[in-house]
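One structure is given here, and the rest of the page talks about it.
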Amino acid sequence: MSNQENKPAPPDSPDRRNGGPGSGGDQSFNWKGLLWLVVALSLLAAGVIYRNTPQGKPLDYKQFLAELDKGRIDKEKGIKIITSVGSALQSIESWSEADPAVPGLIKRKTPINLEVVREELNRKLEEKGFVPVFEEESNVGTGLLMTFLPLLLLLGLLYFVFRQQIKMAGRGAMSFGKSRAKLLTMDKNKITFKQVAGVDEAKEEVSELVEFLKDPKKFQKLGGHIPKGILMVGPPGTGKTLLAKAIAGEADVPFFSISGSDFVEMFVGVGASRVRDMFEQGRKSAPCLIFIDEIDAVGRHRGHGMGGGHDEREQTLNALLVEMDGFDTGEGVIIIAATNRPDVLDPALLRPGRFDRQVNVSLPDVKGREGILQVHAKKVKMAADVNLNVIARGTPGYSGAELANVINEAALMAARRSAKAITTKDLEEARDKVRWGKERRSMAISEKEKENTAFHEAGHAILLEVLEHTEPLHKVTIIPRGPSLGSTMWLPEEDKYTQRKNELLDDLVVTMGGRVAEEMVFGDVTNGAMGDIRHATRIARKMVCEWGMSDNLGMIEYGDNNEHVFLARDMTSSRGYSEDTARKIDSEIKLLIDNSYQRARELLMKYRPQMDTLAKALLEYETLDGAQVREIMQHGQMLNPPNNKPPMPPAVPEGNAAANNRDSGTEDLPPGLAGAPA
């Protein structure tokens, strides 16, 4: 294929310890501090209220004498002459009526200098029949207390709060070594094998784990033991995590989930401590499952770092190896790990006694895809005439995650047009969108660009139809979709796990078709065949170096067949063959591509009228399905053209068209897509 690009947990659980979900509240909120703050504010308010308690206006000495003459001073309460310690001044404390019309007495204070008014005051008091009482008081402590009590309370509150924060910080520092494994509660999120489809063989392999967790004695009475660990290997989105949750759900045991990256920290020794704490938690909750997702983050091969030495990741891996080797399966703790890079894992991690068994969770076949679609279709409303088997046959190579996304995208499309149910058309469009991208009808393309794109795609489509060992054509379009200006799509009739040499050679010819068509029609080529060239080069190199399909070089593998560079191991490794062999390899690859190019030219010259007709039909209708292309090949015209011509998108001036042709850095499109000039 080619493409033309345009640019609630138990008390000891980590959830509760770390204040996560199920912890019963936000552990970081300081309720005690809030209580102390309320007390301090209450005392402060009480002091202010006390100091501002209505005591009547202070009386000066003349006013006091006037009140005394009028007889408004209460004799029962009497008069006190108070001398403050450490002060030369005194005060007269008396009780009088605030208002004759309002009953009630108010205490009044009159500041005096007793040495000055002693004679006059004694005379007045004797006349009115008052015998003064002399008292001494010290207001220094009371004044200081009332002044500094709020401040002291505030300082005490701050001390308490900071002490609590320091304690929490210390506890947080010590919790660096605590495992971050999350306990999955099965009450609300229970997953069973019924919700896992498309991986029947994997389910069979792990089903005995469920039996062991339910009845361990069944296996132990014969002397056998269950595997300590199971490593799930497979491409992303195939359901490895879902399968692990289903095991825990079926066995109804605690399920601890953690990612490999959660072990690695900036502090040395933290990862190893977390590993030990995780296994300790598992022993306390046994029987249980511990699931480590993306274990390659911590289980990479030791000794292949760029700088070598003993780093934090290796310490963590060593702790994991020791813990897995040190516990007995009789304890009821089973480790399940998942990765899509088993090639980078340390051999010591994969040996029996640690991960005893590897379970391959591969891409689902047509039956598995139909099962996955049925599981996800239960969550949405489907039209009565939808046949999921047809959709499953049209989605080869899709993972479980992609199929779930197909159902979701179809539901969104149906909702946008206010439909009552999801139709087959929605599912087909969602399938194309998930794999090849959304149509970009609003993209402004010049007529010259559209014409170039039409012939490019016509070249791919014609070769797909005339070659014997190719897959059936699904659709050809000049509507920009994803990173391409146009696309030629095909879908296999059945799932394929191997490819014959003739099929690969025809694939190379189809890939060359777009570039050949441009050269034949316009006498010039564009940079839009970048994806085609990359795809053809990759296929040809694999045929020569890995698949033994070169007559001159024979059945020898050249290179280590490692698609992913793994640090210094692959950067420093030699290629394993001589310079002379390297030249022969390059020559064989070029020969395969040149022969494919020449064969594509011969076929397109033979079917030039059909290619011209197809290109014109694409310019007129923009999108044609495989049946309409076959009508052109057989009858020279379409007998059943599309019902409606699409609206023409806005065109751009010819001089600006080149702006759409400069991005040549995008990656290859997914399988089943051949592209147009970009």
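One line per residue, one yes/no per condition, for (1) modelled with pLDDT of 80 or more; (2) more than 18 Å from Arg354 (Cβ to Cβ); (3) in a loop (DSSP other than H, G, I, E, B):
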site	(1), (2), (3)
Gly237	yes, yes, yes
Val253	no, yes, yes
Ser261	no, yes, no
Ala272	no, no, no
Gln281	yes, yes, no
Gly305	no, yes, yes
Gly308	no, yes, yes
Glu314	no, no, no
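Across the range 381-418, the number of residues qualifying as in a loop (DSSP other than H, G, I, E, B) and surrounded by 14 or more Cβ atoms within 10 Å (Cβ to Cβ) comes to 8. Within the range 338-361, residues that are on the phi > 0 side of the Ramachandran plot sit with their Cβ atoms under 9 Å from residues that are in a strand (DSSP E or B) and surrounded by 16 or more Cβ atoms within 10 Å (Cβ to Cβ), at 6+ positions apart or across chains, in these pairs: Gly353/Gly229.
Answer yes or no as to whether Ser257 is out of contact with any strand residue (DSSP E or B) (no Cβ under 6 Å at 6 or more places or on another chain) and open to solvent by 10 Å² or more (accessible area, probe 1.4 Å). In short, no.
Return the residues of the range 351-366 that are touching a helix residue (DSSP H, G or I) at 6+ places or on another chain (Cβ under 8 Å) and not small (Gly, Ala, Ser); say none if nothing qualifies. Step through it out loud before you land on a result.
Start the filter on the range 351-366 by keeping residues that are touching a helix residue (DSSP H, G or I) at 6+ places or on another chain (Cβ under 8 Å), which leaves 353-355, 357-361, 364, 366.
If the condition is that a residue be touching a helix residue (DSSP H, G or I) at 6+ places or on another chain (Cβ under 8 Å) and not small (Gly, Ala, Ser), then Arg354, Phe355, Arg357, Gln358, Val359, Asn360, Val361, Pro364, Val366 are the ones that fit.
Would you check if there is a residue in the range 184-199 being crowded, with 19+ Cβ neighbours inside 10 Å, in a strand (DSSP E or B) and either modelled with pLDDT under 75 or not hydroxyl-bearing (Ser, Thr, Tyr) (or both)?
Going through the range 184-199, the residues crowded, with 19+ Cβ neighbours inside 10 Å turn out to be 184, 191, 196-199.
Right, trim to in a strand (DSSP E or B) and you get 184.
Add one more test, that the residue is either modelled with pLDDT under 75 or not hydroxyl-bearing (Ser, Thr, Tyr) (or both), and what stays is 184.
Checking the range 184-199: at least one residue is crowded, with 19+ Cβ neighbours inside 10 Å, in a strand (DSSP E or B) and either modelled with pLDDT under 75 or not hydroxyl-bearing (Ser, Thr, Tyr) (or both).
Entry remark, the range 431-476: residues being surrounded by 24 or more Cβ atoms within 10 Å (Cβ to Cβ), under 39 Å from the mean Cα position of the chain (by Cα) and among the polar types (S, T, N, Q) number 1 in total.
Suppose the filter is open to solvent by less than 90 Å² (accessible area, probe 1.4 Å), of a type outside the set (Gly, Ala, Ser) and modelled with pLDDT under 75; does Ile106 pass it? Don't jump to the end; show me each part of the working.
Working: open to solvent by less than 90 Å² (accessible area, probe 1.4 Å): yes; of a type outside the set (Gly, Ala, Ser): yes; modelled with pLDDT under 75: no.
It is false that Ile106 is open to solvent by less than 90 Å² (accessible area, probe 1.4 Å), of a type outside the set (Gly, Ala, Ser) and modelled with pLDDT under 75.
Restricting attention to the range 111-135, and to residues there that are outside any strand (DSSP E or B) and open to solvent by 100 Å² or more (accessible area, probe 1.4 Å), which single residue is farthest from Thr83 (Cα to Cα)?
In the first step, residues of the range 111-135 are kept if they are outside any strand (DSSP E or B); the result is 113-132.
Next, only the ones that are open to solvent by 100 Å² or more (accessible area, probe 1.4 Å) stay: 115-116, 119, 123, 126-127, 131.
Numbers: Glu115: 12, Val116: 14, Glu119: 17, Arg123: 20, Glu126: 20, Glu127: 23, Val131: 16 Å.
By that ranking, first place goes to Glu127.
So in the range 445-486, with the set limited to residues that are small (Gly, Ala, Ser) and touching a helix residue (DSSP H, G or I) at 6+ places or on another chain (Cβ under 6 Å), which one is farthest from Asp507 (Cα to Cα)? Among residues in the range 445-486 that are small (Gly, Ala, Ser) and touching a helix residue (DSSP H, G or I) at 6+ places or on another chain (Cβ under 6 Å), the one farthest from Asp507 (Cα to Cα) is Ser446.
Residues that are open to solvent by less than 80 Å² (accessible area, probe 1.4 Å), out of contact with any Leu (no Cβ under 8 Å at 6 or more places or on another chain) and under 22 Å from Glu447 (Cβ atoms) within the range 610-632 comprise Asp612, Thr613, Ala615, Leu619, Glu620, Tyr621, Glu622, Thr623, listed in sequence order. Against the criterion of being farther than 19 Å from Trp436 by Cβ and among the polar types (S, T, N, Q), Ser487 does not qualify. Taking the condition of being open to solvent by less than 70 Å² (accessible area, probe 1.4 Å), part of a loop (DSSP other than H, G, I, E, B) and of a type in the set (D, E, K, R), how many residues in the range 365-380 meet it? Of the residues in the range 365-380, 1 are open to solvent by less than 70 Å² (accessible area, probe 1.4 Å), part of a loop (DSSP other than H, G, I, E, B) and of a type in the set (D, E, K, R).
Would a scan of the range 633-644 turn up a residue that is touching a helix residue (DSSP H, G or I) at 6+ places or on another chain (Cβ under 8 Å) and either crowded, with 17+ Cβ neighbours inside 10 Å or at pLDDT 90 or above (or both)? Can you show your working first?
As a first pass, look at the range 633-644 and keep what is touching a helix residue (DSSP H, G or I) at 6+ places or on another chain (Cβ under 8 Å): 633, 636-642.
Keeping just the survivors that are either crowded, with 17+ Cβ neighbours inside 10 Å or at pLDDT 90 or above (or both) gives 633, 638.
Within the range 633-644 (the criterion being touching a helix residue (DSSP H, G or I) at 6+ places or on another chain (Cβ under 8 Å) and either crowded, with 17+ Cβ neighbours inside 10 Å or at pLDDT 90 or above (or both)), the answer is yes, since at least one residue qualifies.
Applying the criterion of being under 21 Å from Lys284 (Cα atoms) and open to solvent by less than 10 Å² (accessible area, probe 1.4 Å) to the residues of the range 231-250, the residue that is nearest to the chain's Cα centre (by Cα) is Ala244.
The values are calculated or read from the model by the stated rules, or taken from the named source; none is laboratory data. Computed from a predicted model, the values in this text were never measured in an experiment. Reconstructed Cβ throughout: ideal geometry from the backbone, glycine too, with neighbour counts over all protein chains shown. Please note that ligands, DNA and RNA were not included when accessible areas were found on the heavy atoms of the full protein model with its side chains. Shrake-Rupley method; radii C 1.70, N 1.55, O 1.52, S 1.80 Å.
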